[in-house]
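The values are calculated or read from the model by the stated rules, or taken from the named source; none is laboratory data. Being a predicted model, the structure only gives us computed values, none of them experimental. Each accessible area value is taken on the protein alone, full model and side chains, heavy atoms only, with ligands, DNA and RNA left out. Shrake-Rupley method; radii C 1.70, N 1.55, O 1.52, S 1.80 Å.
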Amino acid sequence: MSAIRDATLAGGEKPPASVKVWDPFVRIFHWSLAGLFLLAYATGDEIENVHIAAGYIIAGLLALRIVWGFVGPRHARFRDFVRSPCAVLAYMRDVALLRAPRYLGHNPAGGTMVVALIVTLLGTCLTGYMMTTGSFWGAKWVEEVHEALANLTIGLVVVHVFGVLLASFEHRESLVKAMITGRKRPS
């Protein structure tokens, strides 16, 4: 048996098998955003009404997530996972050397990805809205920025999925499962 399974807490109690990390709002936000972004991306040139509706819902979700980043539970708060560029680069070096420390919440790279995705998606929503206004109707540059941000978001999603798979492998835990159940092993 492993040392963790054999360990006991004071008073002879066994440690919990898992701890709550991701609250229901963060999990619902995550999967809803992923599905809605894919829907918006797939319908951009084909089904305009669906594309626009998905964009407005994404904008609303992002607004709620930003508020939640200040008032939500510990691991949902930006102060829990936004790190300095030096800390992120040091973490990435450790990832490359397969010695990155495990974090219960977002690791420094994951925190940076959260911020990058929020920023690119907000930009995509803003430029999408701009295209529906009289001032920017038909402005080619707004459409080009909108498409560039959407494509950049796809690239970030690919990097995000790769990072999740790498961290899951390195730390021998399913981060996808954790984002579904909200729970991770304590240490």
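Show that you can apply the helix-only estimate: for the chain, add -39,500 (n - 2.57) for every DSSP H stretch of four or more residues, divide by all residues, and state [θ] at 222 nm to the nearest 500.
-22500 deg cm²/dmol, from helical runs alone.
With every protein chain left in place, what is the accessible area of K177 in Å² (1.4 Å probe, nearest 10)?
Per-residue accessible area (K177): approximately 130 Å².
Could you give the accessible area per residue of segment 26-68, probe 1.4 Å, as a whole number in Å²?
Normalised by residue count, the accessible surface of segment 26-68 is 58 Å².
What lysines could a cross-link reach from K184, if we take a straight Cα to Cα line under 25 Å and drop same-chain neighbours fewer than 8 places away?
Once the sequence-local lysines are set aside, what remains near K184 is K14, K20.
Could you check how much of the accessible area of segment 73-187 is carbon and sulfur, as a whole percent, using a 1.4 Å probe?
Here it works out to 70 percent.
Over the chain, what is the relative contact order in whole percent, taking alpha-carbon pairs under 8 Å and six or more residues apart?
On the way: 168 pairs, mean separation 49.4, N = 187.
It rounds to 26 percent for the chain.
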